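Novice: Got a structure for you, questions after.
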Amino acid sequence: MAITIDPEAYLSLLSQAENDAPIESCGYLLGPDAQHVTENYPMTNVDHSAEHFSFDPKEQFSAVKYARSHQLQIVGNWHSHPASPSRPSEEDKRLALDPNILYFILSLADEQPVLNAFRIQDGEVVERYRIV
Ligand SMILES: [Zn+2]
């Protein structure tokens, strides 16, 4: 199965990640259904770290409210890996507690950015999606 991301949403996430690098960037990806992302909801990495990220609980709350009022679902959350590949780190897997959403990781390590999405259950990747 593939996940579709609209170009405007992808460009928004990409420019946010490039602006934040070398700090990891993060946000929510919203869409009308679980396979289609139409919007990036930018959030602050309160860790201000190049190796991990945490959401601001207030921003998470606002994101959920925003999604509801626009009839959008939270397809998943995303964060960037400024200098490592597009796959979850051990910590990412440990902290991925929701099996119902996707975890998107944008890697800026190579010349071409790479975006993959993962479903993570009990600390293990159970499915990987190519983004089209
Ligand atoms: Zn990570």
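Novice: Please report how far the C-alpha centroid of segment 105-121 lies from that of segment 68-102, rounded to the nearest whole angstrom.
Specialist: 10
Novice: State the antiparallel share, in %, of DSSP beta bridges confined to the chain, rounding to the nearest 5. Please report the intermediate quantities before stating the final value.
Specialist: Working: 23 of 32 bridges.
Close to 70 percent.
Novice: Among F53, N100, P22, which residue has its Cα positioned farthest towards the positive end of the charge dipole of segment 4-130, with +1 placed on the Cβ of Lys and Arg, -1 on the Cβ of Asp and Glu, and the dipole taken about the Cα centre?
Specialist: It is N100, whose Cα lies furthest towards the positive end.
Novice: Averaged over every viewing direction, what's the projected area of the C-alpha convex hull for the chain? Give it in nm², one decimal, please.
Specialist: Over all viewing directions, the chain projects a mean Cα-hull area of 7.1 nm².
Novice: Another question about this same structure. Counting only C-alpha contacts under 8 Å and six or more residues apart, can you give the relative contact order of the chain as a whole percent?
Specialist: In percent, rounded to a whole number, it is 23.
Novice: Per the helix-only calculation at 222 nm, which mean residue ellipticity applies to the chain, given -39500 (n - 2.57) for every DSSP H run of n ≥ 4 and division by its residues, nearest 500 deg cm²/dmol?
Specialist: -7500 deg cm²/dmol
Novice: Moving to a separate point now. List, in order, the whole-Hz ³J(HN,Hα) value for each residue of segment 114-124 obtained from phi through the Karplus relation with A = 6.51, B = -1.76, C = 1.60 and θ = phi - 60°; use x for Gly and Pro.
Specialist: For segment 114-124, the Karplus curve yields 10, 10, 10, 10, 10, 9, 10, 10, 6, x, 10 Hz.
Novice: Could you give the alpha-carbon Rg of segment 1-52 over 2.2 N^0.38 Å, rounded to two decimals?
Specialist: Against the empirical 2.2 N^0.38 Å value, I get 1.21 for segment 1-52.
We did not get these values from a lab; they are worked out from the coordinates using the rules stated. Just so you know, these numbers come straight off a predicted model, no measurement behind them. All Cβ positions, glycine included, derive from the backbone under ideal geometry; neighbour counts span all protein chains shown.
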